[in-house]
Amino acid sequence: MGLPESYWIKALHLHLTWHPFAVRHFQNYPILLLHKVFNLSIKQSFFTIQFILYLLIGPFFYRYLRVLSFNNKSAYLGLVLLLISYPIVGAYFEPVFTWDDFWSYLFIILMLTSFIKKQWIISGVFFLLGLFAREQVVVFIPIMLLMMYKERKNYKINVALLSTIIPLIIYIIFRVIVWEKIDPKRWELLLFNFSDKRITDTVVSLIIAFGFMWVTSIFGLFEVYLKRRKGNNYFLFWGGITTVFLTLIIGLSFAFARETRILFPPFVFVIPLSLLAIKSVWERISRKSRKLFFMKLLIITPFLLIFGIIMATKIFVSFDYGANSYFRTYLAGFHFGLIALFLILKLAGRVKSFQTNI
């Protein structure tokens, strides 16, 4: 935000002329519209749009969690987890820096909200818009097709085509029309991301993409796996597995993995799964623990966070991409501490449950 207007003019020119940025129009032309109609600078136009998107993403994500049957408190916690995630909070810092990503986040949320409510055609419209915002939204195709196959008795086949296949075909036709040769170096990015000099950037980016929610979401997967995988549980289980798997393949193989935002689209599954795990631990602890336990928890938590940060500074020493490296290291360590805290709470809940049963 502190960079001069000349930088923003160059950035917009790059996104208007260089492939694949030039085929993603949702951020470029609204910037030009605000610039010409309201006489705002390019920088002011960019941030006006971004902050509007930020304000929209929040309540729509809250509504998405409510549609998934989370209660009011859990939905608010999920909203907090979204808005303090590094790809959101650090969106305007190197190397996270965003351009079209907030548009894709918004369309993903609206697409899946409509999809859960079985508003197939509306979901298809948002799916198409999401693809135009960022083609990475294609990672949601498997879970959408899987859910439609599961619900195949409840709709006609043409509805399924309208909401998934036809939007994808329209987008493919568009990309063929505006086709440009793919940069051959993109096929070398897997080796680039895991080369000796750059592996630290990649590993830290992976960690801080979701932080402690990587661990809590895995426990959340077990939560829904142990239950009958129907309805929302089925959706979260397979959605989490497929979108995370495909996103990791794309992010690590065909993009600069240090750009943490590349790894963030599965947030619509990672955060709800994390909420299930957090809720499970909290309910078990709060039922069986006394005030003394929570006082001990308040004392031990800062030590765990400090220890995590110290460990991170010892492990992650050499970064190839130096911008923001100290903060990324400390944040990774902070999440190490939160992971340790969650595991302690999980273990404490199990021990107390065991003692109670005895």
Using Cα pairs under 8 angstrom and six or more residues apart, how large is the relative contact order of the chain, in percent?
17
Go through 220, 132, 263 and say which Cα lies farthest out towards the positive end of the charge dipole of the chain; charges sit on Cβ, +1 for Lys and Arg, -1 for Asp and Glu.
220
With θ set to phi - 60°, apply the Karplus curve 6.51 cos²θ - 1.76 cosθ + 1.60 along the stretch 156-166 and write out the HN-Hα couplings as whole Hz, x wherever there is a Gly or Pro.
8, 4, 5, 5, 4, 5, 5, 8, 10, 5, 5
With runs of 4+ DSSP H residues as the only contributors, calculate the mean residue ellipticity of the chain at 222 nm using -39,500 (n - 2.57) per run, divided by the residue total and rounded to the nearest 500.
-23500 deg cm²/dmol
How far, in degrees from 0 to 90, does helix 28-37 lean away from the longest principal axis of the Cα atoms of the chain, to the nearest 10?
70
What list of ³J(HN,Hα) values in whole Hz, one per residue of the stretch 256-263 in order, does the Karplus curve 6.51 cos²θ - 1.76 cosθ + 1.60 (θ = phi - 60°) give from phi, with Gly and Pro shown as x?
7, 5, 5, 7, 3, 4, 4, 8
Run the count for the stretch 121-264, please: Lys pairs, Cα-Cα under 30 angstrom, 8 or more apart or on different chains.
8
First measure r as the distance between the Cβ atoms of residue 25 and residue 121, then evaluate 1/(1 + (r/R0)^6) with R0 = 25 Å and state the FRET efficiency to the nearest 0.05.
0.65
So how do 101, 196 line up by other beta-carbon neighbours within 10 Å, fewest first?
196, 101
Taking the beta-carbon count within 10 Å as an exposure proxy, list 65, 83, 304 from fewest neighbours to most.
83, 304, 65
Debye-sum result for the stretch 78-153 in log10 I(q)/I(0), which assumes one identical scatterer on each alpha carbon, at q = 0.17 Å⁻¹:
-0.72
State the answer as a single residue: which of 47, 35, 69 lies farthest towards the positive end of the charge dipole of the stretch 1-113, with beta carbon charges of +1 for Lys and Arg and -1 for Asp and Glu, about the Cα centre.
69
About the Cα centre of the chain, how large is the charge dipole given +1 on each Lys and Arg Cβ and -1 on each Asp and Glu Cβ? Please answer in debye to the nearest 20.
1720
Evaluate Rg over Rh across the stretch 174-262, taking Cα atoms for both radii and Kirkwood's formula for Rh.
1.10
Helix 72-83 against the longest principal axis of the chain: what's the angle in degrees, Cα atoms only, rounded to the nearest 10?
50
Under the rule that an exposed site lies in a DSSP loop and has at most 15 other Cβ atoms within 10 Å, name the longest stretch of the chain with no GluC sites (Glu not before Pro) of that kind, not counting the sites themselves.
181-358
How big is the stretch 62-188 on each of its three principal axes, counting only the C-alpha atoms and giving the largest first in Å?
45, 38, 22
Compute, for the stretch 77-158, the length of the dipole vector about the Cα centre, with Cβ point charges of +1 (Lys, Arg) and -1 (Asp, Glu) only. Units Debye, rounded to 20.
680
For the stretch 108-205, what relative contact order do you get, as a whole percent, if you take Cα pairs closer than 8 Å and at least 6 residues apart?
25
Extension reserve of the residue 225-residue 199 stretch, reckoned as 0.36 nm per residue once the Cα distance is removed
6.1 nm
Note the angle between two axes, namely the Cα long axis of helix 213-226 and the longest principal axis of the Cα atoms of the chain, as a number of degrees from 0 to 90, rounded to the nearest 10.
70
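Each reported figure results from applying straightforward, stated rules to the coordinates on display, with no laboratory input. Worth saying up front: this structure is predicted, and the values here are computed from it rather than measured. Because the Cβ atoms are built from the backbone with ideal geometry, glycine has one as well, and the counts that use them run over all protein chains shown.
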